[in-house]
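As structure tokens, the structure follows; a few thoughts come after it.
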Amino acid sequence: MFFTYLRRELRRRRKAALVVASGLALGIALVIVVSSVSSGMEKAQGKVLQSLYGLGTDMTVTKAAQAQSSTGERPRFRFDARGSDSDEEQSSDRVMVQGFQTLATSTVSKVAGQQGVADAVGGLSLQVIKVSGQFRRGEFQQDQNGGTSQRGGQGGPPQGTVEGGGADFDVNNYSVYGTDVTKPELGPLTSSKVTKGRTFTSSEANARVVVADASYAKEKKLALGDKVTVKGVKYKVIGIATPESGDAAANLYIPLKQAQTLSDSKNKVTTIYVKASDSQQIDAVKSTIRKNIPGTTVTTSADLADTVSGSLSTASDLASNVGKWLSIAVLVAAFLVAGLLTSSAVSRRVREFGTLKALGWKSGRVTRQVVGEAVVNGLVGGALGIALGLAGAYAVTAVSPTLQAELGSTGGGPMSGPGGMGGGPGREAAGKALEVALTAPVAVGTIVLAVGLAVAGGLIAGAFGGWRASRLRPADALRRVE
Amino acid sequence: MYELRGVTKRYKRGKETVDALDGIDLTIGDGDRLVIQGPTGGGKSTLLQMLGGLDRPTSGSVTLDGTDLAKLSESKLTRVRSENIGFVFQSFNLIPTLTAQENVETALVPLKLKVRERRERAAAALESVGLAERSGHLPAELSGGQQQRVAIARALVKRPKVLLADEPTGNLDESMRDEIMEVLETMWKEHGLTFIMVTHDSAIARKAPRLATIRKGRITVKENVSS
């Protein structure tokens, strides 16, 4: 009887039921779209952070770079001039530690030993500048009244001009990252995926092997098995790595020991990648490291996320603020409308409920009937809302609007300036812009939330109507309509 | 058996207090048939509601088979209504979305019978009022007389001791009125009910064995020996 009565009643009042269900559907759809877009924002932000940090890294430990003196660390290249008929090419490269002051490798063990730290590995970020080309002397041309042309000249100073000669040099600037090959699950290479060949094995701690970034390999036409020369040392390409998103941490990855040798930085690292035992305790671990290892800068992904600006940040703020409040406002309005319409429907059914009470129906049974109708109405609204919300989320994913994330470019956040975030070369001081496609993944939890809201909407509406129905005295109900 | 002693019902209308019933004393035996008459606003329907346990007196007692309905809790009063009292209303008061069969079944819902028994009893009740073939029709698909017969079947399906009818022919034309009165009288005789009916219709009142008249909340009862 309960379901028959409920079904017929909803069918009779289908217009009102549709209004209530539509209101709830709109609110629920908004909740789903906003939640999924927010989730997509988080995912996009995660991608941005991952491109800097790599997978599995909860924080990095670095030491701020010292201000460079005018002569200090700047690379100098010296070339001797060759004869004008010489085709000999000269080449010189400089390997420099990039961005940060180095930390002793013992700091890595010290960080790893801190409470709450699951693992820590060191990385050495290098910048290589290679200058290669030809440098020829000029040829002296004596004036016509001075006789023959000759080189150098002897006796009295000849009259004439130097012609020809000069320099033709190519500058190749690229980054190299020294990676701890014994812990491949942490470190700079985790922001990329090895798409060709293989990654390092733990036995290659000091091997002359290199993993090249895909873009760099394409630019330099590098293939597996090719040799790359860095400061006169030849490395065999064993793998090609493609970044998961954004830019790669470096152009080339080599074993840490090799990087230390190349840059004369024995037992030094620039960045320590840290994985916390409990992702909920990252702030506590950060404090512990800062307290126990003074002079270091600890940057967590949350710090990094704070420095994200650009359309990604704007959209994220919109989703979390405007979207959230809009959803709440629509839901509250929908709940109120549902409640008032249900209450009004009870008013129109006073005689009906009075009769049922006269027949011996308890108030509870009448109330259950009203609440049941409202809950089914809510569930219909929920189903419509879920369908609408899924369609909205699908549309966002299908369109995939591109969002731009700018990291640390404003100079105010922990990313910017010396001592900022230590992801990879070229990203510590300057701002970094990445483009990410927005998706709107709908989590199971969101659907559960939607169903919960639908039931809650129904119950709230039912409570309005049920309260009125339960207070109805049969004599009053019948008297009012007779 | 009903025993009403000093039943008074007062309503407040703004600042005024109205005595709808003013110290009613009345005894109605088992199987009696009582017709209540009186002018509009005289207190007829209020008295019927007291008898049906739909309302409580301001003072006095309404005893049904030794139980004072005025003192029962709401849930016990609901139980008395569900088991012992059948109602027939002037406007039929059928649930518009339920079929004739389902409307009759609503009276059995509080008795918590098995679905099958509920259906069988409802079908039998409809058959007894001559509407077996219309059991699947909605009230809107039935004539006024048919709707009132469904209401009578609904009142009687639970086999009550008392049948209370509030102007059951008030919304019907003359031929329908006779038809419904015939059904009600047959049921009263067959089931041995206590049958109390409020009516404006003098023709019906004249045939009643006991006629109560209520004016300004006071009652006078007349035995009609000829009927």
Filter result (within 7 Å of chain A (Cβ to nearest Cβ) and assigned to a loop (DSSP other than H, G, I, E, B)) within segment B:97-108: B:T97, B:L98, B:A107
Residues that are in a helix (DSSP H, G or I) and charged (D, E, K, R), drawn from segment A:349-397: A:R351, A:E352, A:K357, A:R365, A:R368, A:E373
Spot the failing condition for A:P184; the list is (1) within 23 Å of A:D119 (Cβ to Cβ); (2) assigned to a loop (DSSP other than H, G, I, E, B); (3) in contact with a strand residue (DSSP E or B) (Cβ under 8 Å, 6 or more places away or on another chain), and only one is missed. (3)
From the set of residues in segment A:345-399 that are over 23 Å from B:A155 (Cβ atoms) and of a type in the set (D, E, K, R), which is surrounded by the fewest Cβ atoms within 10 Å (Cβ to Cβ)? A:R348
Mind counting the residues in segment B:44-54 that are surrounded by fewer than 24 Cβ atoms within 10 Å (Cβ to Cβ) and not in a helix (DSSP H, G or I)? 0
Is it the case that segment A:218-228 has a residue that's touching a helix residue (DSSP H, G or I) at 6+ places or on another chain (Cβ under 8 Å), crowded, with 18+ Cβ neighbours inside 10 Å and touching a residue at least 40 places away in the same chain (Cβ under 8 Å)? no
Take the residues of segment B:19-61 that are touching an Asp or Glu at 6+ places or on another chain (Cβ under 7 Å) and more than 11 Å from chain A (Cβ to nearest Cβ): which is farthest from B:W188 (Cα to Cα)? B:S61
Can you work out which of the residues in segment B:151-168 that are within 12 Å of the chain's Cα centre (by Cα) and either among the β-branched types (V, I, T) or surrounded by fewer than 23 Cβ atoms within 10 Å (Cβ to Cβ) (or both) is nearest to B:T106 (Cα to Cα)? B:I152
Check B:E83 against each of (1) buried (at least 17 other Cβ atoms within 10 Å of the Cβ); (2) within 10 Å of another protein chain (Cβ to nearest Cβ); (3) within 14 Å of the chain's Cα centre (by Cα); (4) part of a helix (DSSP H, G or I) and name the one condition it does not meet. (1)
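None of the figures in this text is laboratory data; all of them are computed from the coordinates on show. All figures in this text were calculated on a predicted structure; none of them were measured in a lab. When we count neighbours, we look across all protein chains shown, and the Cβ atoms used for this are built from the backbone with ideal geometry, even at glycine.
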